[in-house]
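The values are calculated or read from the model by the stated rules, or taken from the named source; none is laboratory data. A quick note: this is a predicted structure, and the numbers were derived from the prediction, not measured. Cβ: placed from backbone, ideal geometry, glycine included. Neighbour counts: every protein chain shown. In case anyone asks, the SASA skips ligands and DNA or RNA and just uses the protein heavy atoms, side chains included. Shrake-Rupley method; radii C 1.70, N 1.55, O 1.52, S 1.80 Å.
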There are 2 protein chains.
Amino acid sequence: MPTRYKGTAREIAALNAFIKLNRSVNALQARLLPPLQKEFGLTESQIAVLEAPFHLGPLAQGELCRKILRSGSNVTTVVDNLERDGLVRRERDAHDRRIQIVHLTDAGRDLLMRALPVHVERITRTMSALEPDEQRELGRLCRKLGTSTAV
Amino acid sequence: MPTRYKGTAREIAALNAFIKLNRSVNALQARLLPPLQKEFGLTESQIAVLEAPFHLGPLAQGELCRKILRSGSNVTTVVDNLERDGLVRRERDAHDRRIQIVHLTDAGRDLLMRALPVHVERITRTMSALEPDEQRELGRLCRKLGTSTAV
DNA sequence: AGTATACATTTCGACATCGAATAATTGGAG
DNA sequence: CTCCAATTATTCGATGTCGAAATGTATACT
(Lines give C-alpha, C1' and ligand atoms only; values in the text may rest on other atoms or scores of the structure.)
Protein backbone atom coordinates (compact mmCIF):
# COMPACT_ATOMS: atom_id res chain seq x y z
CA MET A 1 0.00 0.00 0.00
CA PRO A 2 2.38 2.70 -1.15
CA THR A 3 1.65 5.99 0.52
CA ARG A 4 2.25 9.04 -1.57
CA TYR A 5 3.55 12.24 -0.10
CA LYS A 6 1.15 15.01 -1.07
CA GLY A 7 2.95 18.19 -1.92
CA THR A 8 1.52 21.56 -2.73
CA ALA A 9 1.82 22.89 -6.28
CA ARG A 10 4.62 25.13 -5.12
CA GLU A 11 6.49 22.21 -3.61
CA ILE A 12 6.04 20.09 -6.70
CA ALA A 13 7.44 22.83 -8.93
CA ALA A 14 10.44 23.30 -6.64
CA LEU A 15 11.11 19.57 -6.37
CA ASN A 16 10.88 19.22 -10.09
CA ALA A 17 13.57 21.76 -10.74
CA PHE A 18 15.63 20.40 -7.86
CA ILE A 19 15.53 16.84 -9.13
CA LYS A 20 16.40 17.81 -12.69
CA LEU A 21 19.30 19.89 -11.39
CA ASN A 22 20.70 16.98 -9.42
CA ARG A 23 20.17 14.51 -12.22
CA SER A 24 21.91 16.67 -14.74
CA VAL A 25 24.98 16.96 -12.53
CA ASN A 26 24.96 13.20 -11.99
CA ALA A 27 24.74 12.67 -15.73
CA LEU A 28 27.62 15.05 -16.41
CA GLN A 29 29.80 13.35 -13.84
CA ALA A 30 28.95 9.93 -15.18
CA ARG A 31 30.10 11.07 -18.59
CA LEU A 32 33.22 12.98 -17.55
CA LEU A 33 34.78 11.18 -14.62
CA PRO A 34 35.29 7.61 -15.82
CA PRO A 35 37.43 8.69 -18.80
CA LEU A 36 39.44 11.01 -16.58
CA GLN A 37 40.10 8.08 -14.28
CA LYS A 38 40.89 5.62 -17.07
CA GLU A 39 43.14 7.84 -19.15
CA PHE A 40 44.97 9.76 -16.42
CA GLY A 41 44.20 7.95 -13.17
CA LEU A 42 42.75 11.15 -11.72
CA THR A 43 39.60 11.73 -9.70
CA GLU A 44 37.54 14.89 -9.78
CA SER A 45 38.91 15.99 -6.40
CA GLN A 46 42.46 15.31 -7.43
CA ILE A 47 42.22 17.40 -10.58
CA ALA A 48 40.65 20.18 -8.52
CA VAL A 49 43.49 20.07 -6.01
CA LEU A 50 46.11 20.02 -8.75
CA GLU A 51 44.53 22.92 -10.60
CA ALA A 52 44.78 25.33 -7.70
CA PRO A 53 48.60 25.43 -7.42
CA PHE A 54 48.84 25.15 -11.19
CA HIS A 55 46.90 28.35 -11.70
CA LEU A 56 47.83 30.18 -8.51
CA GLY A 57 51.24 28.86 -7.53
CA PRO A 58 52.17 27.15 -4.25
CA LEU A 59 49.33 27.40 -1.83
CA ALA A 60 48.56 26.83 1.85
CA GLN A 61 46.26 23.90 2.48
CA GLY A 62 43.78 26.18 4.17
CA GLU A 63 43.55 28.37 1.08
CA LEU A 64 43.10 25.21 -0.94
CA CYS A 65 40.14 24.25 1.26
CA ARG A 66 38.45 27.51 0.56
CA LYS A 67 39.16 27.33 -3.18
CA ILE A 68 37.68 23.91 -3.70
CA LEU A 69 34.98 24.20 -1.04
CA ARG A 70 35.83 21.07 0.87
CA SER A 71 36.51 20.40 4.54
CA GLY A 72 40.00 20.55 5.96
CA SER A 73 40.10 16.86 6.70
CA ASN A 74 39.09 16.09 3.17
CA VAL A 75 41.86 18.20 1.70
CA THR A 76 44.34 16.44 3.95
CA THR A 77 43.23 13.08 2.55
CA VAL A 78 43.33 14.12 -1.10
CA VAL A 79 46.71 15.80 -0.73
CA ASP A 80 47.99 12.66 1.04
CA ASN A 81 47.07 10.56 -1.98
CA LEU A 82 48.54 13.02 -4.45
CA GLU A 83 51.74 13.24 -2.44
CA ARG A 84 52.02 9.47 -2.30
CA ASP A 85 51.72 9.45 -6.11
CA GLY A 86 54.39 12.12 -6.43
CA LEU A 87 52.14 14.75 -7.98
CA VAL A 88 52.41 17.32 -5.20
CA ARG A 89 54.84 18.04 -2.42
CA ARG A 90 54.17 19.57 1.03
CA GLU A 91 56.48 22.17 2.51
CA ARG A 92 56.09 23.78 5.93
CA ASP A 93 55.83 27.54 5.81
CA ALA A 94 59.08 28.97 7.21
CA HIS A 95 57.33 31.77 9.09
CA ASP A 96 54.32 29.88 10.41
CA ARG A 97 55.08 26.26 10.95
CA ARG A 98 51.41 25.33 11.31
CA ILE A 99 50.93 25.90 7.62
CA GLN A 100 51.57 23.33 4.91
CA ILE A 101 52.28 24.78 1.51
CA VAL A 102 51.27 22.56 -1.38
CA HIS A 103 53.61 22.60 -4.38
CA LEU A 104 52.99 20.94 -7.70
CA THR A 105 55.84 18.59 -8.65
CA ASP A 106 57.13 18.37 -12.20
CA ALA A 107 55.28 15.09 -12.59
CA GLY A 108 52.11 16.75 -11.35
CA ARG A 109 52.50 19.65 -13.73
CA ASP A 110 53.19 17.33 -16.65
CA LEU A 111 50.20 15.17 -15.92
CA LEU A 112 47.91 18.15 -15.51
CA MET A 113 49.10 19.71 -18.74
CA ARG A 114 48.22 16.51 -20.53
CA ALA A 115 44.92 15.89 -18.74
CA LEU A 116 43.46 19.36 -18.53
CA PRO A 117 42.99 20.13 -22.24
CA VAL A 118 41.36 16.76 -22.80
CA HIS A 119 39.11 17.20 -19.80
CA VAL A 120 38.14 20.75 -20.71
CA GLU A 121 37.45 19.71 -24.25
CA ARG A 122 35.15 16.97 -23.00
CA ILE A 123 33.33 19.38 -20.74
CA THR A 124 32.94 21.78 -23.63
CA ARG A 125 31.58 19.10 -25.89
CA THR A 126 29.13 17.94 -23.25
CA MET A 127 27.96 21.44 -22.40
CA SER A 128 27.46 22.18 -26.09
CA ALA A 129 24.17 20.34 -25.81
CA LEU A 130 23.09 23.86 -24.85
CA GLU A 131 23.30 26.90 -27.08
CA PRO A 132 25.62 29.68 -25.91
CA ASP A 133 22.73 31.78 -24.64
CA GLU A 134 21.30 28.78 -22.85
CA GLN A 135 24.64 28.20 -21.16
CA ARG A 136 24.62 31.80 -20.02
CA GLU A 137 21.09 31.51 -18.71
CA LEU A 138 21.89 28.26 -16.90
CA GLY A 139 24.90 29.92 -15.34
CA ARG A 140 22.83 32.88 -14.22
CA LEU A 141 20.13 30.72 -12.64
CA CYS A 142 22.66 28.52 -10.87
CA ARG A 143 24.48 31.50 -9.57
CA LYS A 144 21.31 33.09 -8.29
CA LEU A 145 20.30 29.85 -6.63
CA GLY A 146 23.70 29.10 -5.15
CA THR A 147 24.47 32.49 -3.73
CA SER A 148 21.06 33.19 -2.27
CA THR A 149 21.28 33.24 1.48
CA ALA A 150 17.51 32.92 1.67
CA VAL A 151 16.46 31.01 4.76
CA MET B 1 55.45 30.70 -12.07
CA PRO B 2 51.81 29.74 -12.38
CA THR B 3 50.95 28.52 -15.83
CA ARG B 4 47.49 29.34 -17.03
CA TYR B 5 45.57 27.02 -19.24
CA LYS B 6 44.45 29.01 -22.26
CA GLY B 7 40.97 28.05 -23.35
CA THR B 8 39.06 29.19 -26.39
CA ALA B 9 36.09 31.50 -25.89
CA ARG B 10 33.80 28.54 -26.46
CA GLU B 11 35.60 26.55 -23.79
CA ILE B 12 35.50 29.40 -21.33
CA ALA B 13 31.76 29.84 -21.79
CA ALA B 14 31.17 26.11 -21.32
CA LEU B 15 33.40 25.92 -18.25
CA ASN B 16 31.68 28.90 -16.76
CA ALA B 17 28.26 27.34 -16.94
CA PHE B 18 29.68 24.00 -15.82
CA ILE B 19 31.34 25.43 -12.75
CA LYS B 20 28.29 27.40 -11.71
CA LEU B 21 26.16 24.32 -12.14
CA ASN B 22 28.42 22.26 -9.91
CA ARG B 23 28.74 24.99 -7.32
CA SER B 24 25.02 25.48 -7.07
CA VAL B 25 24.49 21.79 -6.39
CA ASN B 26 27.23 21.87 -3.76
CA ALA B 27 25.62 24.87 -2.14
CA LEU B 28 22.21 23.22 -2.08
CA GLN B 29 23.61 20.08 -0.52
CA ALA B 30 25.54 22.05 2.07
CA ARG B 31 22.30 23.71 3.06
CA LEU B 32 20.02 20.68 3.00
CA LEU B 33 22.00 17.67 4.16
CA PRO B 34 23.40 18.67 7.55
CA PRO B 35 19.93 19.40 8.99
CA LEU B 36 18.61 16.13 7.56
CA GLN B 37 21.44 14.35 9.30
CA LYS B 38 21.08 16.22 12.58
CA GLU B 39 17.31 16.04 12.90
CA PHE B 40 16.62 12.59 11.52
CA GLY B 41 20.00 10.84 11.26
CA LEU B 42 19.49 10.33 7.55
CA THR B 43 21.88 10.80 4.66
CA GLU B 44 20.87 11.80 1.16
CA SER B 45 21.32 8.24 -0.11
CA GLN B 46 19.34 6.80 2.73
CA ILE B 47 16.37 9.05 2.16
CA ALA B 48 16.52 8.21 -1.54
CA VAL B 49 16.52 4.48 -0.79
CA LEU B 50 13.65 4.83 1.68
CA GLU B 51 11.58 6.88 -0.72
CA ALA B 52 11.50 4.25 -3.44
CA PRO B 53 9.61 1.54 -1.51
CA PHE B 54 7.57 4.26 0.19
CA HIS B 55 6.21 5.50 -3.11
CA LEU B 56 6.32 2.28 -5.11
CA GLY B 57 5.94 -0.52 -2.58
CA PRO B 58 8.39 -3.38 -1.97
CA LEU B 59 11.07 -3.38 -4.60
CA ALA B 60 13.90 -5.56 -5.90
CA GLN B 61 17.34 -4.16 -5.18
CA GLY B 62 18.08 -4.08 -8.89
CA GLU B 63 15.07 -1.88 -9.55
CA LEU B 64 16.22 0.31 -6.70
CA CYS B 65 19.60 0.71 -8.39
CA ARG B 66 17.97 1.93 -11.53
CA LYS B 67 15.62 4.29 -9.67
CA ILE B 68 18.32 6.07 -7.73
CA LEU B 69 21.03 5.82 -10.39
CA ARG B 70 23.70 4.23 -8.23
CA SER B 71 25.84 1.14 -8.65
CA GLY B 72 24.72 -2.23 -7.35
CA SER B 73 27.47 -2.41 -4.78
CA ASN B 74 26.49 0.99 -3.47
CA VAL B 75 22.86 0.02 -3.03
CA THR B 76 23.98 -3.09 -1.16
CA THR B 77 25.93 -0.92 1.28
CA VAL B 78 23.18 1.63 1.86
CA VAL B 79 20.53 -1.06 2.32
CA ASP B 80 22.88 -2.84 4.75
CA ASN B 81 23.03 0.26 6.90
CA LEU B 82 19.29 0.88 6.74
CA GLU B 83 18.60 -2.74 7.61
CA ARG B 84 20.97 -2.56 10.57
CA ASP B 85 19.03 0.47 11.77
CA GLY B 86 15.72 -1.35 11.35
CA LEU B 87 14.34 0.97 8.68
CA VAL B 88 14.08 -1.60 5.89
CA ARG B 89 13.91 -5.38 5.69
CA ARG B 90 15.19 -7.71 2.94
CA GLU B 91 13.16 -10.65 1.72
CA ARG B 92 14.21 -13.16 -0.93
CA ASP B 93 11.84 -13.36 -3.86
CA ALA B 94 10.01 -16.69 -3.65
CA HIS B 95 10.19 -17.33 -7.39
CA ASP B 96 13.70 -16.09 -8.12
CA ARG B 97 15.94 -16.54 -5.15
CA ARG B 98 18.65 -14.31 -6.57
CA ILE B 99 16.44 -11.30 -5.96
CA GLN B 100 16.28 -9.38 -2.71
CA ILE B 101 13.07 -7.49 -2.18
CA VAL B 102 13.44 -4.37 -0.04
CA HIS B 103 10.53 -3.66 2.29
CA LEU B 104 10.05 -0.56 4.40
CA THR B 105 9.56 -1.42 8.07
CA ASP B 106 7.04 0.42 10.24
CA ALA B 107 9.92 2.32 11.81
CA GLY B 108 11.19 3.26 8.36
CA ARG B 109 7.79 4.45 7.25
CA ASP B 110 7.30 6.46 10.41
CA LEU B 111 10.67 8.12 10.14
CA LEU B 112 10.17 8.95 6.49
CA MET B 113 6.74 10.40 7.13
CA ARG B 114 8.26 12.71 9.69
CA ALA B 115 11.38 13.59 7.70
CA LEU B 116 10.01 13.98 4.21
CA PRO B 117 7.69 16.96 4.72
CA VAL B 118 10.41 18.86 6.55
CA HIS B 119 12.97 18.02 3.88
CA VAL B 120 10.66 18.91 1.02
CA GLU B 121 9.72 22.14 2.71
CA ARG B 122 13.38 23.04 3.02
CA ILE B 123 14.02 22.23 -0.61
CA THR B 124 11.06 24.37 -1.57
CA ARG B 125 12.25 27.28 0.50
CA THR B 126 15.74 27.03 -0.94
CA MET B 127 14.53 26.75 -4.52
CA SER B 128 12.28 29.75 -4.01
CA ALA B 129 15.34 31.90 -4.56
CA LEU B 130 14.16 31.45 -8.14
CA GLU B 131 10.82 32.65 -9.49
CA PRO B 132 8.46 29.93 -10.72
CA ASP B 133 9.28 30.63 -14.35
CA GLU B 134 12.99 30.57 -13.54
CA GLN B 135 12.55 27.19 -11.87
CA ARG B 136 10.85 25.91 -14.99
CA GLU B 137 13.60 27.26 -17.21
CA LEU B 138 16.31 25.77 -14.99
CA GLY B 139 14.53 22.44 -15.14
CA ARG B 140 14.29 22.61 -18.90
CA LEU B 141 17.98 23.43 -19.34
CA CYS B 142 19.09 20.72 -16.93
CA ARG B 143 16.90 18.20 -18.62
CA LYS B 144 18.23 19.13 -22.04
CA LEU B 145 21.78 18.92 -20.77
CA GLY B 146 21.35 15.70 -18.86
CA THR B 147 19.53 13.71 -21.49
CA SER B 148 21.64 14.75 -24.44
CA THR B 149 23.54 11.79 -25.76
CA ALA B 150 25.86 14.11 -27.67
CA VAL B 151 29.33 12.65 -27.94
C1' DA C 1 58.30 34.03 31.16
C1' DG C 2 53.95 31.58 31.49
C1' DT C 3 49.55 30.72 30.38
C1' DA C 4 45.48 30.92 27.73
C1' DT C 5 43.44 31.36 23.46
C1' DA C 6 43.28 30.96 18.61
C1' DC C 7 44.45 28.69 14.42
C1' DA C 8 46.24 24.99 10.77
C1' DT C 9 46.42 20.54 10.09
C1' DT C 10 45.89 15.65 11.09
C1' DT C 11 43.59 11.64 12.92
C1' DC C 12 39.60 8.89 13.57
C1' DG C 13 35.20 6.75 12.72
C1' DA C 14 31.31 6.63 9.81
C1' DC C 15 29.11 6.70 5.39
C1' DA C 16 29.04 6.92 0.20
C1' DT C 17 30.75 5.55 -4.08
C1' DC C 18 32.78 2.87 -7.84
C1' DG C 19 34.63 -1.19 -10.53
C1' DA C 20 36.30 -5.79 -10.45
C1' DA C 21 35.97 -10.24 -8.72
C1' DT C 22 33.01 -13.67 -6.56
C1' DA C 23 28.90 -16.39 -5.29
C1' DA C 24 24.34 -17.96 -5.92
C1' DT C 25 20.63 -18.92 -8.84
C1' DT C 26 18.08 -19.22 -13.04
C1' DG C 27 16.95 -20.56 -17.67
C1' DG C 28 18.08 -22.31 -22.02
C1' DA C 29 20.80 -25.34 -25.49
C1' DG C 30 21.88 -29.59 -26.55
C1' DC D 1 18.86 -33.98 -17.69
C1' DT D 2 23.13 -31.61 -17.66
C1' DC D 3 25.97 -27.93 -18.35
C1' DC D 4 26.78 -23.19 -19.70
C1' DA D 5 25.66 -18.43 -20.04
C1' DA D 6 23.22 -14.71 -18.10
C1' DT D 7 21.44 -12.34 -14.11
C1' DT D 8 21.34 -10.70 -9.16
C1' DA D 9 23.53 -9.58 -5.30
C1' DT D 10 27.68 -9.36 -2.26
C1' DT D 11 32.50 -8.68 -1.17
C1' DC D 12 36.75 -6.24 -1.58
C1' DG D 13 39.90 -2.46 -2.10
C1' DA D 14 40.32 2.22 -3.22
C1' DT D 15 38.85 7.02 -2.95
C1' DG D 16 36.18 10.86 -1.24
C1' DT D 17 33.53 13.15 2.26
C1' DC D 18 32.21 14.97 6.78
C1' DG D 19 32.45 16.34 11.85
C1' DA D 20 34.67 15.81 16.21
C1' DA D 21 38.69 15.25 18.73
C1' DA D 22 43.62 15.61 18.99
C1' DT D 23 48.11 17.80 17.88
C1' DG D 24 51.25 21.28 17.14
C1' DT D 25 52.23 26.07 16.61
C1' DA D 26 51.57 31.06 17.15
C1' DT D 27 50.13 35.09 19.56
C1' DA D 28 48.28 37.95 23.16
C1' DC D 29 47.86 39.06 27.88
C1' DT D 30 49.50 39.44 32.33
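Summary table
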| item | result |
| --- | --- |
| Protein-only accessible surface order, largest first, of A:LYS67, B:LYS144 at 1.4 Å | A:LYS67, B:LYS144 |
| Copies compared at B:THR147 - label distances in nm, ascending, label defined 7 Å from Cα in the Cβ direction | 3.1 |
| Other copies of A:ASP80: label-to-label distances in nm, shortest first, labels 7 Å along the beta-carbon direction | 2.0 |
| Kirkwood hydrodynamic radius of segment A:1-131, Cα pairs, Å | 17.2 |
| Other-chain or far-sequence residues with amide H under 5 Å of A:ILE101's (modelled H) | A:GLU91, A:ARG92, A:ASP93 |
| Extent along principal axes [Cα atoms of the protein assembly as shown; Å; largest to smallest] | 64, 42, 39 |
| Distance from segment A:114-150 to segment A:1-74 (C-alpha centre basis), Å | 13 |
| Rounded accessible area of A:HIS55 (nearest 10 Å², 1.4 Å probe) | 40 |
| Peptide-level mean, for B:32-43, of C-beta atoms on other protein chains within 10 Å | 0 |
| Estimated FRET transfer efficiency when R0 is 45 angstrom, pair A:GLU83-B:ASP93 (beta carbons, to 0.05) | 0.40 |
| Rounded percent of accessible protein surface that carbon and sulfur make up, segment A:10-125, 1.4 Å probe | 53 |
| Spatially close lysines, pair count over the protein assembly as shown: Cα under 19 Å, gap of eight or more or interchain | 7 |
| Amide hydrogen neighbours beyond the local backbone of B:LEU42, cut-off 5 Å, H modeled | B:GLN37 |
| Contour minus Cα-Cα distance for A:GLN61 and A:ASP133 (0.36 nm per residue) | 22.2 nm |
| Dipole of chain A, positive end: most advanced residue of A:VAL118, A:ASN81, A:SER45 [Cβ charges, Cα centre] | A:SER45 |
| Chymotrypsin sites (Phe, Trp or Tyr not before Pro) within segment A:1-84, DSSP loop, no more than 15 other Cβ atoms inside 10 Å | A:TYR5 |
